[in-house]
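Each remark here refers to the structure printed beneath this line.
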Amino acid sequence: MVGILARNLALCLGKNKVLRDVSLTVDPGKSLVLMGQSGVGKSVLVRALLGLLPREKGTVELGNFITTPDSVLPPLDFFQQTGVVFQSYALFDSLRVWENVAFRIKGSDRTRRERAARLLHQVELSDATLDLYPNTLSGGMKRRVSIARSIALSPKFLFFDEPTEGLDPILSHTISVLIRKVITQLQATAITISHDIHSATHIGDHIALLHDGVLGWHGKSNELHRTTHPIMRRFIEYSTGS
């Protein structure tokens, strides 16, 4: 089992200093939910951790993979051990559901299709979805397909970008429970971006709040509603309307 460690990350987009000094730790097999207001840089931070954006300073350790500003992009082996669920699903419209799920799986079409079916069962979708195209799916089904694709190679690292965005409260809860289930089954180290307090407490062992380029608060998920930290309290009140 492997974890994630970031030290003193700083990153600019143009003249905008999005990350000023971010350090975080996700212990092996644990789940961190990253929260914060829109535009604060949550997705930027995750892309920096994945080596998809250059940074001014800071070191990232993803298990045995270490990157610095001079060597930002992890080796191919890292991406083979990583699953990502994008906010916009990022499904291939021209491919059937099973082909989307099995996109990174090697082997014959028969083998890949059978593996895709098993993965879809893990996210509670039936064989009836195998030959459908993404444009025929509901938002909730697209999320499930995206999750199935992300776990296709039994990754050690999982990243979810706003997985409950735009879903009604019941479906949001269902997807949150599903995400927690796959993280636990794979014993993966996970980071989830969310603005949803309810989902965050279901998915995360720990929660961190990104504010003004640094982590303004960090704690266990069961400490969230008890915290008196002013920045976190304001965010909770803003998010819940209370």
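Bear in mind these aren't lab numbers, they're just calculated from the coordinates by the rules spelled out. Keep in mind it's a predicted model, so treat the numbers as computed, not measured. With ideal geometry, Cβ positions are generated from the backbone for all residues, glycine too; neighbour counts draw on all protein chains shown.
Observations on the structure shown:
- Cα-only Debye scattering, the chain: base-10 log of I(q)/I(0) at q = 0.07, 0.12, 0.17 Å⁻¹: -0.23, -0.68, -1.28
- Under 15 Å, Cβ to Cβ, from Leu11 - net charge with Lys/Arg +1 and Asp/Glu -1: +4
- Where trypsin sites (Lys or Arg not before Pro) in DSSP loops with at most 16 other Cβ within 10 Å are excluded, longest remaining stretch of the chain: 107-242
- Nonlocal amide H pairs with Val84, under 5 Å, H built at 1.01 Å: Phe159
- Share antiparallel - DSSP beta bridges, the chain, percent rounded to 5: 55
- Qualifying aspartates and glutamates (Cα of each under 13 Å from Cα of Lys57; at least 8 residues distant if same chain): Asp21, Asp70
- Straight Cα distances below 23 angstrom link Lys142 to the lysines Lys42, Lys106, Lys156, Lys181, with same-chain residues fewer than 8 positions distant left out.
- Other-chain or far-sequence residues with amide H under 5 Å of Lys57's (modelled H): Ala10
- Here the stretch 111-242 carries DSSP beta bridges of which approximately 55% are antiparallel, counting only pairs with both residues inside.
- Taking the helices alone, the chain has a mean residue ellipticity at 222 nm of -9500 deg cm²/dmol, built from -39,500 (n - 2.57) per DSSP H run of at least 4 residues and averaged over all its residues.
- A run of the chain free of exposed loop cleavage sites, with GluC sites (Glu not before Pro) counted only in DSSP states other than H, G, I, E and B and at most 14 other beta carbons within 10 Å, reaches its longest extent at 125-242.
- Kyte-Doolittle at least -1.0, axis length at least 24 Å by Cα - qualifying DSSP helices, the chain: 169-186
- Full-stretch length increase - Ser88, Ser108 - with 0.36 nm per residue and alpha-carbon distance subtracted: 4.3 nm
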